[in-house]
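Below you'll find the structure, written out as structure tokens, and then a few comments.
The values are calculated or read from the model by the stated rules, or taken from the named source; none is laboratory data. Quantities reported herein were computed from a predicted structural model and do not represent experimental measurements. Cβ placement follows ideal geometry from the backbone for every residue including glycine, while neighbour counts extend to all protein chains displayed. The protein model used for the area step is the full one, side chains on, heavy atoms only, and it has no ligands, DNA or RNA in it. Shrake-Rupley method; radii C 1.70, N 1.55, O 1.52, S 1.80 Å.
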Amino acid sequence: MRPIRLPEPPSPTIGVPEIFEGGAYSVIRRAVIIGNGYPGSENQSIGLVRALGLYDKHVLYVTPFHFTPYLNLYSFSLLIARRVTRPRGGINEWLLWLPVSLHQKLDYLIQLIRIYSRGRNYVPLPLENGGGSVGLASVLEADVKQIVTMARQTFEKDGPLLVVASGRDTISVASSIRRLASENVFVIQIQHPRSQLNRFDLVITPRHDFYPLTPQAQEQVPRFLHSWITPREPPDRHVFLSTAEDRRFVVNFLLQILTLGALHQIDSATLRSTAAAWHDEFAPLPKPLLVVNIGWPTSHCRYGADLAKQLTAYLLNILSSCGTVRISFSSRTPEKVSKIIVKEFADNPKVYIWDGQEPNPHMGHLAWADAFVVTADSVSLISEACSTGKPVYVMGPERCKWKLSDFHKSLRERGVVRPFTGSEDIAESWSYPPLNDTAEAASQVREALAERGWR
């Protein structure tokens, strides 16, 4: 049996978040999402825009350059999806630490040198971000200018433009848009931008991004590197604790929102509609249904065949308490991990391993599962599972370090997850207040827009 490769991010059925059924059109009627080519980051931006209700006019506009393939599954009042992409391959893999604009320009020069060194006539080089071939100075600026021009020219008719960006590579683009059109746009940066927070109207970042500033983290980093870690400064002294236990603080009139996990597109309305859509396939399955989501090793959570063998042993131990087990792998799960698990469970009648064929059952899993086992590497997959309020067991958190370790500690302290030990009775349920970071962030975005005077 071929192991499933879970698309990233999943493709949920659209549902209207209950608290935003009225939409947000009195404030914002259009949005620009700036992506970085990583689905996990882009999914956060899409989730926030969706939670704001910007989708119901069924008009989709995508610029003629790179865009996320799954965006055409959603309808926004006006969604302009742009992607900031780094050069890949060869020496570029050693240059990922550079700012994306400098990296693109350096790659452009390297390609020119290669062309001239081979004695070829000059041929204009196509750019990743589209629009034909242009000079070096326009490698990045062309996209910014286009968005700024559109925001200014349509402001009187369509109102302010919401710009949502996620990830380090989008920082320069998003901040440039705000600098050039601050009266016409509201710019949100998801994930901590390292420094100079006042370049944005609002920053949304997980609490564990501040782990590098804790005493434990400071001891792990050589002193001469302290000024290079993200973030550089602690939260401002103006800290407020809401009933949802999320911290908010103002820095130079900037509202910063701290979340526990990652933003995503899962909400109760989506789960209800998905449950109905997947009823015929999942309703007949023997209960309880355990869903196992397996990610991939990262720099902060390393594992290999050893974790696969341990997970296999644990699943065999708890199999008697399960009615059905469904297993999914990420597209980046190492083959040495998936092979061990597939070899053990491929012929087990209780276990189903998705073969990767459409339709993707990920949303059906979230809606119908009675419990989840998720490997500790993926903040996104864990956040999605924890938004259901169902038991979530995490495999391998002891292998994580740095801020990912702090993320798991926060989840355990809140009672949202438990470590997977292989001694669980899956039929024994437990619950907790579901993580609702996306809806809470969207609510605070609306407050920030109101404070801006856009009512």
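Every residue in the range 395-427 that is of a type outside the set (D, E, K, R) and part of a helix (DSSP H, G or I), please. Result: 397, 402, 404, 405, 407, 408, 410, 411.
Residues in the range 364-377 that are in contact with a strand residue (DSSP E or B) (Cβ under 8 Å, 6 or more places away or on another chain), of a type outside the set (Phe, Trp, Tyr) and open to solvent by 10 Å² or more (accessible area, probe 1.4 Å) were compared, and the one that is nearest to residue 38 (Cα to Cα) is 377.
Summed over the range 198-214, the residues that are open to solvent by less than 20 Å² (accessible area, probe 1.4 Å) and among the hydrophobic types (A, V, I, L, M, F, W, C) give a count of 4.
Restricting attention to the range 168-185, and to residues there that are of a type outside the set (S, T, N, Q) and open to solvent by 40 Å² or more (accessible area, probe 1.4 Å), which single residue is nearest to the chain's Cα centre (by Cα)?
168
Determine whether the range 353-362 contains at least one residue that is of a type in the set (Val, Ile, Thr), in a strand (DSSP E or B), modelled with pLDDT under 95 and in contact with a Pro (Cβ under 9 Å, 6 or more places away or on another chain).
Yes, the range 353-362 contains a residue that is of a type in the set (Val, Ile, Thr), in a strand (DSSP E or B), modelled with pLDDT under 95 and in contact with a Pro (Cβ under 9 Å, 6 or more places away or on another chain).
When the range 318-333 is examined, which residues are found to be touching a Lys or Arg at 6+ places or on another chain (Cβ under 8 Å) and open to solvent by less than 50 Å² (accessible area, probe 1.4 Å)?
Residues of the range 318-333 touching a Lys or Arg at 6+ places or on another chain (Cβ under 8 Å): 319, 322-325, 329-331, 333.
If the condition is that a residue be touching a Lys or Arg at 6+ places or on another chain (Cβ under 8 Å) and open to solvent by less than 50 Å² (accessible area, probe 1.4 Å), then 319, 322, 323, 324, 325, 329, 330, 333 are the ones that fit.
Could you list, in sequence order, all residues of the range 161-201 that are within 11 Å of residue 148 (Cα to Cα) and not in a helix (DSSP H, G or I)? The answer is 161, 163, 181, 182, 183, 184, 185.
Residues that are buried (at least 21 other Cβ atoms within 10 Å of the Cβ) and over 19 Å from the mean Cα position of the chain (by Cα) within the range 290-317 comprise 290, 291, 292, 303, 307, 308, 311, 315, listed in sequence order. For the residues 421, 438, the requirement of being in contact (Cβ under 8 Å) with a residue 24 or more places away in the chain, exposed (fewer than 14 other Cβ atoms within 10 Å of the Cβ) and under 28 Å from residue 299 (Cα atoms) singles out 421.
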